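None of the figures in this text is laboratory data; all of them are computed from the coordinates on show. What you see is a predicted model, and the numbers here were worked out from it, not measured in a lab. Neighbour counts run over all protein chains shown; Cβ positions are idealised from the backbone, glycine included.
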Amino acid sequence: MDQLVEEGNTVLVVEHHLDVIKCADWVIDLGPGGGDSGGYIVAQRTPEEIGQNEESITGTYLKPLLVQNLLGSLNFGCRLQTIKLQG
């Protein structure tokens, strides 16, 4: 996925995993619930801004993860690493 972005492509991902969401450039948060209780745009912002949105259930769970990453390291682990094995 990182390679696609680095090549200038736009990548759209539908995902619930917070480790993927925290690395997005832009998040469109749908909800507020699932099924008949959802389907509305609750927020559309950067992950950090979603984390500050009190109406966003995703933001409620995302905020502590972003704070933990910020306190622990400036590397959010958002770029995949490629390891080449030789021999």
Could you tally the net charge around GLN68, taking each other residue with its Cβ under 14 Å from the Cβ of GLN68, Lys/Arg +1 and Asp/Glu -1? 0
Residues whose built amide H sits under 5 Å from the amide H of ALA43, excluding neighbours closer than 5 in sequence, are ASP29
Please identify which residues in the range 1-18 have an amide N closer than 16 Å to a label point set 7 Å out from the Cα of TYR61, following the Cα→Cβ vector. 14-18
Under the classification rounded if a/c is under 1.5, otherwise prolate if a/b is larger than b/c and oblate if not, where does the range 2-72 fall, given a ≥ b ≥ c as square roots of the Cα gyration tensor eigenvalues? oblate
